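The values are calculated or read from the model by the stated rules, or taken from the named source; none is laboratory data. This structure is a prediction, so every number in the text was calculated from the model and none was measured. All Cβ positions, even for glycine, are placed from backbone atoms using ideal geometry, and neighbour counts span all protein chains on display.
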Protein chains: 2
Amino acid sequence: MREKAHVREVGPRDGIQMVKTILPSARKLAWCRGAVEAGIREIEVTSFVPAKVIPQFADAEEVARGALAMPGLRPSVLVPNLKGAERAFALGVPIVNYVLSASEEHNQANVRRSTEESLQDFARIAAARDQRPGARIGLGAGIATAFGCTISGAVSEARVVEIAVRLAGMGADEIIVADTVGYGDPGQVRRLMGAVIAAVRPLPVACHFHDTRGLGLANVTAALDAGVRAFDASLAGLGGCPFAPGATGNIDTEDTVFLLEQLGFDTGADVERLVALRREVESWLPGERFSGAIARAGLPKTFRVSASAAA
Amino acid sequence: MREKAHVREVGPRDGIQMVKTILPSARKLAWCRGAVEAGIREIEVTSFVPAKVIPQFADAEEVARGALAMPGLRPSVLVPNLKGAERAFALGVPIVNYVLSASEEHNQANVRRSTEESLQDFARIAAARDQRPGARIGLGAGIATAFGCTISGAVSEARVVEIAVRLAGMGADEIIVADTVGYGDPGQVRRLMGAVIAAVRPLPVACHFHDTRGLGLANVTAALDAGVRAFDASLAGLGGCPFAPGATGNIDTEDTVFLLEQLGFDTGADVERLVALRREVESWLPGERFSGAIARAGLPKTFRVSASAAA
């Protein structure tokens, strides 16, 4: 029995929030269906932001409804505030993710309010969730710029841990620690993730890495060392942050699955089917920058074979 | 006092052995000079292979002589056999590196003989070295395909350790464990490097990684965990192996220095000067594929600043 590790596809949300092409809802849903067929079970399918802020997500309701009807998929959505959360709750989305920034300056740039105000907003979202009848809706709480910020520079580890503890106390079902701008290094990831896990135990803690400075998979490895077993990733390494100029996207889904499987974890996903899906998604997004090593170089002959097993 | 870690530039050897442009000796030496000015102290400057095998190295003597005259540089050269070693010894090169493959099939493809025959050749090179008067010439012994082989697949860790022990017994001054085709993963790197270091202690052990499948810097981090403190790398991620189709090159020098410094090690090198040098080298090699994240995204604001130090 191999230990499980989870890769959550965030391409239909984080991956396309800055691309030039507005993808039709049908293609967003085809992407989700393809990912499910490749063994991905959790997908952040859209964002409930106002359409005038990010036109890509004008069809959030339609995509969420399509995803909710998809067999084998556990969809989540991102919400920027209570209003977005209410829209998601009304549709019956089972997992709703909220994000604030550990960096005050990044939070102001992103949502025009202080980190404290964003924390209070999360408390209101959790209260609204608790008042709903029926099955408990899972609330994910993301901490952006947890490893540093392009605007303000270093972010203290103590502050990130404190925010995680407060979010946990307010009713988060998962803490998602995000390296929004690709500043994290493996030493920092090991320290901070160990501290966050210890502080919010037994709440699950996930990581959201960007590969801006080539350390995305080194950071996944470091987070595994610290005990993290869930990772956001985007097919073809799509994604980006408006406040991280020159940045590349999220860590690549195919490469992340490859690494986890190669290290002996069971992700449930099939790298080659993901690569085939990636080719399709690439064809829908002309002019974008795609990254990822396995799509270029292929799997090694030693995939899933521990070298030590060979005589 | 930060702990030291060494990045050895192998671009003028491994980096250009497959490029389309034959670089003039003056440019090879300008590359070396630029690297020294950026703080790199060890450079594998050329290869003493027959010019008819790799025309790029027809000027090996001239480049080696120029490098030997360069203040602040500790040059090494690669030699494929005793004949090449004799050429290097005659010039007074202080460090001579030899390489054989742990994979029989790769060794046959590369040098048309068995790994055992290559080991015997190394014994003859070491004996020839020992008979020379004057300062002892350092012999580096590289073990290629130590993490697997595109031809034969898995390579057993026991075999790599055994080869390392034999090379050490024959008079090697350093063991260089090479992931020639980019098959290594961080788990395997930690295991194998720990085993090799324990088996040949106190002989120094270095790593030579290729970034074929995006795990180059994750593997550097894993090797650091195992105690490795010396890494081969190539400016702009140049390099490749004729038996690794689709492969990208060596790990990128600038990115490797960035990672090591970010983790708190002292490399003595300056990332921004390396990026400037890289731009120059790129301009000399039209049509080649260059990789590397720092040249694209820049250094983080938190470079060398531990996030935990900020309040």
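Just a few scattered comments:
- Subset of region B:153-168 that is surrounded by 18 or more Cβ atoms within 10 Å (Cβ to Cβ), aliphatic (A, V, I, L, M) and at the interface with another protein chain (Cβ under 9 Å from one of its Cβ atoms) - its residue that is nearest to B:Arg124 (Cα to Cα): B:Val160
- Some residue of region B:189-197 being under 17 Å from B:Asn250 (Cβ atoms) and either more than 12 Å from chain A (Cβ to nearest Cβ) or not β-branched (Val, Ile, Thr) (or both): no
Conditions tested, residue by residue: (1) surrounded by fewer than 24 Cβ atoms within 10 Å (Cβ to Cβ); (2) β-branched (Val, Ile, Thr).
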site	(1), (2)
B:Val36	yes, yes
B:Arg74	yes, no
B:Val77	no, yes
B:Asn97	no, no
B:Ser101	no, no
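- Residue match in region A:112-127 (condition: assigned to a helix (DSSP H, G or I), within 14 Å of another protein chain (Cβ to nearest Cβ) and either crowded, with 18+ Cβ neighbours inside 10 Å or touching a Phe, Trp or Tyr at 6+ places or on another chain (Cβ under 7 Å) (or both)): no
- Residue within region A:228-238 that is part of a helix (DSSP H, G or I), touching a strand residue (DSSP E or B) at 6+ places or on another chain (Cβ under 8 Å), buried (at least 24 other Cβ atoms within 10 Å of the Cβ) and more than 10 Å from every other protein chain (Cβ to nearest Cβ) present: yes
- On the stretch given as region A:269-296, residues that are surrounded by 21 or more Cβ atoms within 10 Å (Cβ to Cβ) and not in a loop (DSSP other than H, G, I, E, B) total 8.
- Here the condition is being at pLDDT below 95 and of a type outside the set (A, V, I, L, M, F, W, C); of B:Gly142, B:Gly182, B:Gly169, it holds for B:Gly182 alone.
- Residue check, A:Val220 within 13 Å of chain B (Cβ to nearest Cβ), in a strand (DSSP E or B) and farther than 17 Å from B:Ala297 by Cα: no
- Residue in region A:207-216 that is aromatic (Phe, Trp, Tyr), touching a residue at least 24 places away in the same chain (Cβ under 8 Å), part of a loop (DSSP other than H, G, I, E, B) and in contact with a helix residue (DSSP H, G or I) (Cβ under 6 Å, 6 or more places away or on another chain) present: no
- Residue count for region A:109-125 under the criterion of being under 12 Å from A:Leu82 (Cα atoms) and within 20 Å of the chain's Cα centre (by Cα): the result is 4.
- A Cβ distance below 9 Å, combined with a sequence gap of six or more or placement on separate chains, defines the contacts here; from region A:68-90, residues that are among the charged types (D, E, K, R) reach residues that are surrounded by fewer than 18 Cβ atoms within 10 Å (Cβ to Cβ) in the pairs A:Arg74/A:Arg41; A:Arg74/A:Pro94; A:Lys83/A:Pro50; A:Glu86/A:Ala128; A:Arg87/A:Glu61.
- Inter-residue pairs, beta-carbon under 7 Å, first more than 14 Å from A:Tyr98 (Cα to Cα) and in region A:115-132, second at pLDDT 95 or above and not hydroxyl-bearing (Ser, Thr, Tyr), 6+ apart: A:Asp130/A:Gly171; A:Arg132/A:Phe89
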